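The values are calculated or read from the model by the stated rules, or taken from the named source; none is laboratory data. No experiment lies behind these values; they were computed from the predicted model shown. Heads up, the Cβs are rebuilt from the backbone with ideal geometry, glycines too, and the neighbour counts pull from every protein chain shown.
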Amino acid sequence: MFKRYLYTVVFNLLVPLLVLNLWWRSRKNPAYRQRIDERFGYVPARQGGERCVWVHAVSVGEVIAARPLVKRLLQDFPATRVWVTTTTPTGSAMVQQLFGDRVGHSYCPYDLPDGLRRFLRRLRPDLLLVVETEIWPNLYKACANRQIPLLMVNARLSPRSAQGYARLGGLVRETLRCASWIGTRSQTDADHFLQLGAWPGQLGVSGNLKFELQVPADLPARAKVLRSQWSKRPVWVAGSTHAGEEASLLRVFEQLRHQVPDLLLILVPRHPERFASVKALCETAGWVTARRSLAQPVMPETDILLGDTLGELLLWYACADLAFVGGSLLAHGGHNPLEAAVFAVPVISGVHTHNFNDMFPPLCAAGGAVQVQDENALCAQALHWLQDVAARQQAGQQAQAFFTSQQGALELILRQARFHLDQRIASHEPDAQTAGC
């Protein structure tokens, strides 16, 4: 109790810095200074007596991972309001793009008691699903006090994160024990949660929700149309790239073009605020660059298509002959390789993939991906797959087979969600105030 009180005092002192950070980020993305009131729990009061399931997904990656879950919640609980919160503007935009007005949406309030009380009083949720690992002491306690079941889904803890949380000792243990269920990606993740103080009965190994990725029905046809417009040029997609990686990729691209002169590079930076600077980098290097956001067509003289839009990464991977998954040449932790694997596209990545340790080693072992140490190794592997069609296709098929073999997490998570929602409806009023942990 004292540690949570101390944590709350420190968090309150940091609020001015948090708001200043929003303003600072808004210089590149004005959306950061919009709807700030939502971050303090000021959302419209939900009307009517319908039940409500709240899904929290921090940013774009978590929203995409949660997509099949949200779709099934809408399908299986048609009389229940689904409300999705995010932390970032890009996550917010992705929610709007994927679900429109089929779900409610706001930013998640800061982990402060007053804002959380206000938010919970206005939203009146009956169940909270936290996608991946967001451990917020006041949020968990507030839900427990109101007997709102809180389920951590797709939960993961890298050794580095587990060590960081372990330094907080009793505060993390108290917080985790407020959760109703923790569905982890793997047994290793479950062991890390046990070491931090979760009860064994809280834990279940559900598998990885990201393997439930669903491809829009029209997407393969759209990709086929695009490819038909590009004169059968080979296509290399570099997705979710970070600052510092594009320069390396452009150097590799230059080497590849000596061997594969008609190669088209589709470059998709991770962060929208960098689109303009990446375009300038491409043009400074002398490449003819088309921008997707301006609907500029890929002409025979086009070298690079800049994917400067939100929500189209799957389309680009569907167009690809091979893929590079960014955030991995530098120590950012990598990004999701399954978005390429689902289309039978072989994956190249750097070695810095600690955020996806449950994916890359087995995907590489299955033959669907290769991790490279540097630019030279990246160039050699890309050239091998570009020149050896049979090897490339075999690697792509192995990537897709690995993806398919790992599915099943969605049904396990939905079973838990249904169980806890039924218990809530049967046993408690929506705004019950009895302490739960």
Would segment 16-24 turn up any residue that is touching a residue at least 60 places away in the same chain (Cβ under 8 Å) and farther than 21 Å from P113 by Cβ? no
Subset of segment 33-50 (residues that are of a type in the set (D, E, K, R) and either at pLDDT 95 or above or over 27 Å from I425 (Cα atoms) (or both)): R33, R35, D37, E38, R39
Where a residue in segment 213-242 is over 27 Å from T353 (Cα atoms) and its partner, wherever it lies, is among the small types (G, A, S) and modelled with pLDDT of 95 or more, with Cβ under 7 Å and at least six apart: L219/A318; P220/A318; A223/A318
Quick check on my filter: what residues within segment 243-255 are of a type outside the set (F, W, Y) and either buried (at least 20 other Cβ atoms within 10 Å of the Cβ) or not assigned by TED's automatic domain parsing to the domain that holds T289 (or both)? E245, E246, L249, L250, V252
For F324, indicate whether it is part of a helix (DSSP H, G or I) and crowded, with 23+ Cβ neighbours inside 10 Å. no
Residues that are out of contact with any Leu (no Cβ under 8 Å at 6 or more places or on another chain) and farther than 27 Å from G115 by Cα: list the helices (runs of 4 or more DSSP H) wholly contained in segment 136-204 that include at least 2 such residues. 159-166, 187-195
Check whether at least one residue in segment 165-183 is in contact (Cβ under 8 Å) with a residue 12 or more places away in the chain and under 24 Å from F402 (Cβ atoms), and report yes or no. yes
So in segment 93-116, with the set limited to residues that are touching a residue at least 12 places away in the same chain (Cβ under 8 Å) and out of contact with any helix residue (DSSP H, G or I) (no Cβ under 7 Å at 6 or more places or on another chain), which one is surrounded by the most Cβ atoms within 10 Å (Cβ to Cβ)? C108
How about segment 89-138: which of its residues are of a type in the set (S, T, N, Q) and closer than 28 Å to K3 by Cβ? T133, N138
T85 - would you say it is of a type in the set (V, I, T), in contact with a Cys (Cβ under 9 Å, 6 or more places away or on another chain), crowded, with 19+ Cβ neighbours inside 10 Å and closer than 29 Å to G164 by Cβ? yes
Step by step: first the residues of segment 34-80, then only those that are within 23 Å of L213 (Cα to Cα) and charged (D, E, K, R), then the one that is surrounded by the most Cβ atoms within 10 Å (Cβ to Cβ). Which residue is that? E62
If I filter segment 168-205 down to residues being hydroxyl-bearing (S, T, Y) and in contact with a Phe, Trp or Tyr (Cβ under 7 Å, 6 or more places away or on another chain), which single residue comes out as farthest from P137 (Cα to Cα)? T184
Got a sec? Which helices (runs of 4 or more DSSP H) wholly within segment 327-407 have at least 2 residues that are surrounded by 21 or more Cβ atoms within 10 Å (Cβ to Cβ), touching a residue at least 40 places away in the same chain (Cβ under 8 Å) and of a type outside the set (S, T, N, Q)? 338-341, 375-387, 389-405
Of the residues Q416, Q371, Q397, which single one is polar (S, T, N, Q), at pLDDT 95 or above, in contact with a strand residue (DSSP E or B) (Cβ under 8 Å, 6 or more places away or on another chain) and over 30 Å from L139 (Cβ atoms)? Q371
When you scan segment 277-307, how many residues do you find that are surrounded by 14 or more Cβ atoms within 10 Å (Cβ to Cβ), of a type in the set (A, V, I, L, M, F, W, C) and not in a loop (DSSP other than H, G, I, E, B)? 7
Take segment 28-67 and flag every residue that is among the charged types (D, E, K, R), farther than 30 Å from V342 by Cα and in contact with a helix residue (DSSP H, G or I) (Cβ under 9 Å, 6 or more places away or on another chain). K28, R33, R35, E38, R39, R46, R51
T184 among the hydroxyl-bearing types (S, T, Y) and buried (at least 21 other Cβ atoms within 10 Å of the Cβ): yes
If the requirement is being over 23 Å from the mean Cα position of the chain (by Cα), among the acidic types (D, E) and surrounded by fewer than 16 Cβ atoms within 10 Å (Cβ to Cβ), which of these qualifies: D262, D218? D262
Considering (1) touching a strand residue (DSSP E or B) at 6+ places or on another chain (Cβ under 6 Å); (2) under 23 Å from G327 (Cα atoms); (3) not aliphatic (A, V, I, L, M); (4) not assigned by TED's automatic domain parsing to the domain that holds A323, say which one E212 fails and leave the rest. (1)
